[in-house]
């Protein structure tokens, strides 16, 4: 089984990590991809003062920082994983990466805004649900 664990550095991501640990416990042959997606920086005030390579390095660092607490949890549980930081539109990049890797499911935390809050604000998790043909597990 291939699982994509998409994280954003929040406490909800930590709970999603614990869910994945429970899901793979005792299962041989699982593969976990630990993914953080950084939105592209299009702000002219930033692009005019920084090289594209500097912006990308900054985003890679932010992504690595978001992965760090989940990596600690997975390491402590003995769950192997492949860490990945990508840059792109959040939901679309998550869904595309899962498809490209042949994942069986996507697991991610949700902020628990409820139907009204999610409809008004929109959310990455809601968009992933809409875009993905894979099963998506949202963890509060």
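Tabulated data for the structure shown
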quantity: Those residues of the stretch 25-37 which are within 13 Å of residue 78 (Cβ to Cβ), in contact with a helix residue (DSSP H, G or I) (Cβ under 9 Å, 6 or more places away or on another chain) and surrounded by fewer than 21 Cβ atoms within 10 Å (Cβ to Cβ), in sequence order; calculated: 25, 30
quantity: Of all residues making up the stretch 15-30, the number that are over 13 Å from residue 110 (Cβ atoms) and either modelled with pLDDT of 95 or more or part of a helix (DSSP H, G or I) (or both); calculated: 7
quantity: Options 70, 107, 84: the member that is closer than 18 Å to residue 13 by Cα, at pLDDT 95 or above and part of a helix (DSSP H, G or I); calculated: 70
quantity: Residue within the stretch 129-136 that is within 13 Å of the chain's Cα centre (by Cα) and either under 16 Å from residue 37 (Cβ atoms) or modelled with pLDDT of 95 or more (or both) present; calculated: yes
quantity: Of the criteria (1) outside any strand (DSSP E or B); (2) within 18 Å of residue 86 (Cα to Cα); (3) in contact (Cβ under 8 Å) with a residue 24 or more places away in the chain, which one residue 33 fails; calculated: (1)
quantity: Residues of the stretch 69-90 satisfying the condition of being exposed (fewer than 14 other Cβ atoms within 10 Å of the Cβ) and either more than 23 Å from residue 26 (Cβ to Cβ) or in contact with a strand residue (DSSP E or B) (Cβ under 8 Å, 6 or more places away or on another chain) (or both); calculated: 80, 82
quantity: Residue match in the stretch 40-58 (condition: crowded, with 16+ Cβ neighbours inside 10 Å, within 11 Å of the chain's Cα centre (by Cα) and farther than 19 Å from residue 140 by Cβ); calculated: no
quantity: Among (1) loosely packed, with under 14 Cβ neighbours inside 10 Å; (2) within 19 Å of residue 127 (Cβ to Cβ) - the single one residue 93 does not satisfy; calculated: (1)
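The values are calculated or read from the model by the stated rules, or taken from the named source; none is laboratory data. It should be emphasised that the depicted structure is a prediction, and the values quoted were computed from it without experimental measurement. Here the Cβ is made from the backbone with ideal geometry for all residues, glycine too, and neighbour counts use every protein chain on show.
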